[in-house]
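**Student:** First, the structure itself, so that you have it in front of you.
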Amino acid sequence: MLHSTLSDANLRLEKALRYVTISNDAIERLKYPKASLCVSIPVRMDDGSLRVFQGYRVRYDDTRGPTKGGVRFHPNVSLDEVQSLAFWMTFKCAALNLPFGGAKGGITINPKDFSKFELERLSRGYVDAIANFIGPDVDIPAPDVYTNPMIMGWMMDQYSIIRRKITPAVVTGKPISMGGSLGRETATAMGAFFVIHTLMEKLGRTSTDLTVAIQGFGNAGGVLAELLAKANYRVVAVSDSQGGIYAKTGLDIPSIRQYKESSRGIKAVYCEGTVCNIVEHRVITNAELLELDVDILIPAALENQITEENAPRIKAPYIFEVANGPVTSAADEILEQRGIQVFPDILVNAGGVTVSYFEWVQNRSGYYWSLNEVNSRLQERIVEETNRIWDLSQDLGISMRTAAYVHALNRLEDAVQAKGTRDYYMS
Ligand code: NAD
């Protein structure tokens with residue numbers, strides 16, 4: 001149906017289409033991005049030279065509301081990738097019943113090659129180039145890979161300069177002092193925690209019986225490890241890009257996070273100092289972590305980590321996708337045949353975009369919520385949608401991933417129907 005890098009997402013969509021009665025109008029609309037913008041961004045570098053970088057913003061579908069999605073700074077960013085991620089966001093927002101369509105943006109750079117001054121000029125230049133394409137009622141960017149609250153703050157500031165009015169609702173994931181929401185930084189992990197806890201209860205499992213391995217110890221994986229450990233799950237393995245550690249009796253997560261914050265690798269830190277010798281442990285590779293004999297496996301780093309190559313060796317009966325796209329569609333088939341349940345990214349990591357929505361609501365009303373309010377509204381929404389997707393999967397006898405797509409498609413179809421379809425006009 002769509003273009004090349006969308007092939008995995010498309011396979012999943014095609015599978016879901018078997019379980020919904022959806023009008024041709026909706027299918028036609030979802031085939032193509034609504035609008036794709038490619039821009040050249042001239043940036044004065046610190047050495048005085050001028051360089052021009054390629055940037056993109058894609059608004060995939062706005063049937064359900066203004067479009068929403070992150071901005072990625074990465075060498076692999078291309079129009080194709082941005083279109084695919086925008087398509088994905090369309091489904092994520094619909095699955096969570098957020099009043100948004102899907103979008104995504106990016107700039108093809110390696111941010112590690114840039115000074116802070118250059119990054120600021122680049123971020124502001126990007127907004128200059130896309131200012132007529134975004135807006136609080138049109139399209140609202142957010143952070144993604146290698147973009148952070150400070151970059152979002154520069155983007156909001158630049159948009160406000162262009163429009164000559166302070167416009168905090170144009171971007172989410174901002175610093176708190178510039179209209180950011182409390183709880184946004186921990187939202188993805190918090191959302192994932194609520195999904196895991198809700199589903200484990202349904203499966204009749206209690207936290208104290210469950211061992212967990214987490215790949216990736218950043219904003220999402222690190223915070224989630226701490227939440228799970230606090231709730232008495234036994235987190236036995238964690239890793240970062242350098243490798244991981246495993247301890248059968250469970251790891252001391254708060255200490256590991258403390259070490260990580262002083263910017264040292266997990267592998268190095270755990271066994272220096274006092275914490276280390278308390279438990280027996282061993283250093284493992286990322287590949288070993290994925291194949292550990294644990295109850296819950298959480299890929300929280302990168303896409304394409306569980307493929308048809310290693311899927312036959314995965315032992316965990318439950319996989320929760322905190323990263324976007326960590327399990328390929330070929331691996332999905334193998335895992336399903338082996339009775340391993342995969343809980344999909346568009347549900348598990350949707351806490352981030354949900355609190356982005358809360359940030360947008362707070363910006364528009366000018367009234368800011370307490371951390372408790374943010375977290376309890378997040379819990380309410382994510383648990384409700386988890387329950388609905390679970391019920392769909394049980395009723396139709398389908399995987400949680402297909403159920404999440406079916407759930408999102410039903411909502412997209414409702415919105416398309418509300419604008420009138422062939423049946424309405426021709427009857
Ligand atoms: P991050 O940059 O804070 O952390 C990434 C972590 O992964 C780091 O610990 C890094 O060392 C580790 N890592 C990198 N390469 C690795 C490798 N080869 N093997 C193992 N670990 C590796 O990023 P994040 O915000 O935590 O995002 C992680 C994933 O979650 C991404 O797929 C992202 O798209 C997804 N996600 C994040 C959010 C969010 O709000 N942070 C929201 C939705 C989805």
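The values are calculated or read from the model by the stated rules, or taken from the named source; none is laboratory data. Since this is a predicted model, take the numbers as computed values, not measurements. Ideal geometry is used to build each Cβ from the backbone, glycine not excepted, and the neighbour counts take in all protein chains shown. Quick note on the areas: whole protein, heavy atoms, side chains included, nothing else; ligands and nucleic acids left out. Shrake-Rupley method; radii C 1.70, N 1.55, O 1.52, S 1.80 Å.
**Student:** Which of 343, 114, 194 ends up with the largest GNM mean-square fluctuation for the chain, with Cα atoms connected below 10 Å?
**Tutor:** Comparing 343, 114, 194 in the GNM, the peak value goes to 114.
**Student:** If you don't mind, there's one more thing I want to ask. Under the classification rounded if a/c is under 1.5, otherwise prolate if a/b is larger than b/c and oblate if not, where does the range 170-247 fall, given a ≥ b ≥ c as square roots of the Cα gyration tensor eigenvalues?
**Tutor:** Because a/c hits 1.5 or more and a/b fails to exceed b/c, the range 170-247 counts as oblate.
**Student:** Counting heavy atoms of the protein chains only and a 1.4 Å probe, report the per residue accessible area for the range 33-169 as a whole number of Å².
**Tutor:** Each residue of the range 33-169 exposes 38 Å² on average to a 1.4 Å probe.
**Student:** Express in nm, to one decimal, how much length is gained between residue 161 and residue 44 on full extension, taking 0.36 nm for each residue of separation and deducting their alpha carbon distance.
**Tutor:** In short, 40.2 nm is gained.
**Student:** Would you rank 174, 112, 15 by solvent-accessible area, highest first, keeping every protein chain in place and using a 1.4 Å probe? Kindly include the intermediate steps, with their values, before the conclusion.
**Tutor:** On the way: 174 10, 112 150, 15 45 Å².
Most to least solvent-accessible, the answer reads 112, 15, 174.
**Student:** Among 395, 80, 128, which one moves the most in a GNM of the chain with springs linking Cα atoms closer than 10 Å?
**Tutor:** Of the options given, 395 has the highest mean-square fluctuation.
**Student:** Next question, about the same structure. Taking 8 Å as the Cα distance limit and 6 or more residues as the minimum spacing, I'd like the relative contact order of the chain as a percentage.
**Tutor:** Numbers: 854 pairs, mean separation 71.6, N = 427.
Computed over the chain, the figure is 17 percent.
**Student:** Could you compute Rg(Cα) / (2.2 N^0.38 Å) for the range 187-348, with N its residue count?
**Tutor:** Against the empirical 2.2 N^0.38 Å value, I get 0.96 for the range 187-348.
**Student:** Run the simple label-point estimate for residue 206 and residue 293 please: 7 Å along Cα→C-beta, distance reported in nm.
**Tutor:** Here the modelled spin labels are 2.4 nm apart.
**Student:** Hey, in the GNM for the chain with a 10 angstrom Cα cutoff, which one of 169, 287, 237 fluctuates hardest?
**Tutor:** 287
**Student:** For residue 249 and residue 383, what does the FRET efficiency come to when R0 = 30 Å and r is the distance between their Cβ atoms, rounded to the nearest 0.05?
**Tutor:** Using R0 = 30 Å, I get an efficiency of 0.45.
**Student:** With just the Cα atoms defining each centre, how far is the range 219-238 from the range 332-361? Give it in Å.
**Tutor:** The range 219-238 and the range 332-361 have Cα centres spaced 17 Å from each other.
**Student:** So, one more: If one puts a single equal scatterer on every Cα of the range 33-169 and applies the Debye formula without solvent, what log₁₀ I(q)/I(0) results at q = 0.09, 0.15, 0.16, 0.19 Å⁻¹?
**Tutor:** For the requested q values the scattering log ratios are -0.24, -0.67, -0.76, -1.06.
**Student:** Here's something else I'd like to know. Taking a probe of 1.4 Å, how large is the accessible area per residue of the range 187-348, in Å²?
**Tutor:** That works out to 40 Å² per residue.
**Student:** Then there's this: Rg/Rh for the chain: what does it come to with C-alpha atoms and Rh from Kirkwood? Don't skip to the answer; put the middle values down first.
**Tutor:** Values: Rg = 21.5 Å, Rh = 22.3 Å.
Checking Rg against Rh, the ratio lands at 0.97.
**Student:** Quantify, in whole percent, the carbon and sulfur part of the accessible surface of the range 106-237 (1.4 Å probe; protein heavy atoms only).
**Tutor:** The nonpolar share, carbon plus sulfur, comes to 54 percent.
**Student:** Give me the number: length gained by fully extending residue 230 to residue 313, i.e. 0.36 nm times residue separation minus the C-alpha to C-alpha distance, one decimal in nm.
**Tutor:** Going from the current span to full extension adds 26.9 nm.
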